[in-house]
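A quick write-up on the structure given underneath.
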Amino acid sequence: MPNVIYDYGKCNGNASCAEVCPVNILEESENGRWCKPIDEKVENEEAVKQFHEEVEESETQLDVTIENDMPECIQCMACVASCPEDAIQIE
């Protein structure tokens, strides 16, 4: 299963990753500060919980990396290529 990894020490909320994702599994956070997977598209609930508890309300970059198990990811790498901050990896 694809593992979409966000580094919130690098993410600046540009949301280019969400714009280019052909399977529409990424989005901008509600406050517009972060890029993130759509909660319902993440299989490991602990990753969703970690984002909402540690990242969502922060206005500054954090030393937090979250690994999201995303079965709908087709590993096209469009999000990785589009991120100007190199904040996304797919394994």
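None of the figures in this text is laboratory data; all of them are computed from the coordinates on show. As the structure is a prediction and not an experimental result, all values here were calculated from the model. For neighbour counting, all protein chains shown are included, and Cβ atoms are generated from backbone atoms with ideal geometry for every residue, glycine included.
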Cα-only radius of gyration and Dmax that characterise region 1-50, units Å: 10.5, 29
Phi-based couplings in Hz for region 83-91 (Karplus 6.51, -1.76, 1.60; Gly and Pro marked x): 6, x, 9, 6, 8, 10, 9, 10, 10
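To the nearest 0.05, what FRET efficiency results for Ser82 and Asn3 with a Förster distance of 22 Å applied to their C-beta separation? It would help to have the intermediate numbers written out before the result.
Details: r = 18 Å, r/R0 = 0.84.
Calculated value: 0.75.
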Compactness of the chain - radius of gyration and Dmax, Cα, Å: 11.5, 31
Gyration tensor (Cα) of region 44-87, equivalent ellipsoid semi-axes in angstrom: 21, 16, 7
